[in-house]
Amino acid sequence: MNKQDTSGDYALTQTLKWGQSYAEFLFKDTHFRDLRITKRDSSNTWTLADATFTLDSINLENPKGGPIHREGKTDGNGQLTFKDLPNGTYRVTETVPPTGYSLADPNWQDVTITS
């Protein structure tokens with residue numbers, strides 16, 4: 001297997017031998033996942049905009065890119081999506097609640113992403 005320096009992709013080449021009718025390849029799923037957060041009022045079903053969250057990697061399956069730290073705010077539908085996350089365990093922390101609300105106790109939750 002050869003790693004392509006510019007793209008980071010891998011190329012795998014196999015030559016058929018005399019009398020061989022097929023070559024078998026095994027690939028592991030490397031597709032990254034998205035994590036969607038929906039912030040809701042605990043006493044009803046209202047979704048809440050402008051809640052700020054951070055996402056920090058705790059344990060990555062393949063940490064070659066280093067630790068992950070991201071931050072974002074919920075939109076008008078109370079949603080925030082962290083995109084393209086590799087397999088691993090993450091801590092999601094609400095750092096700033098929407099106006100008129102307090103932080104929950106605890107204000108974090110650990111989540112595990114798998115393919």
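Among the residues of the stretch 82-107, those that are within 18 Å of Glu71 (Cβ to Cβ) and of a type in the set (Asp, Glu) comprise Asp84, Glu94. The residues on offer are Thr74, Thr89, Thr95, and the sole one that is among the β-branched types (Val, Ile, Thr), without any contact (Cβ under 8 Å) to a residue 40 or more places away in the chain and under 27 Å from Ser43 (Cα atoms) is Thr74.
Applying the selection to the stretch 56-82, what residues are of a type in the set (D, E, K, R) and loosely packed, with under 11 Cβ neighbours inside 10 Å? Across the stretch 56-82, the qualifying residue is only Lys64.
Yes/no matrix, rows are residues, columns are (1) assigned to a strand (DSSP E or B); (2) at pLDDT 95 or above; (3) not small (Gly, Ala, Ser):
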position	(1), (2), (3)
Asp75	no, yes, yes
Thr81	yes, yes, yes
Thr89	yes, no, yes
Val92	yes, yes, yes
Pro106	no, no, yes
Thr112	yes, no, yes
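For Met1, the conditions (1) hydrophobic (A, V, I, L, M, F, W, C); (2) loosely packed, with under 10 Cβ neighbours inside 10 Å; (3) modelled with pLDDT of 70 or more are fulfilled apart from (3).
Across the stretch 25-55, the qualifying residues are those that are modelled with pLDDT of 90 or more and of a type in the set (A, V, I, L, M, F, W, C), and the one among them that is surrounded by the most Cβ atoms within 10 Å (Cβ to Cβ) is Ala51.
The values are calculated or read from the model by the stated rules, or taken from the named source; none is laboratory data. Bear in mind the structure is a predicted one, so any value in this text is a computation, not a measurement. In this analysis, Cβ positions are derived from the backbone assuming ideal geometry, glycine residues included, and neighbour counts consider all displayed protein chains.
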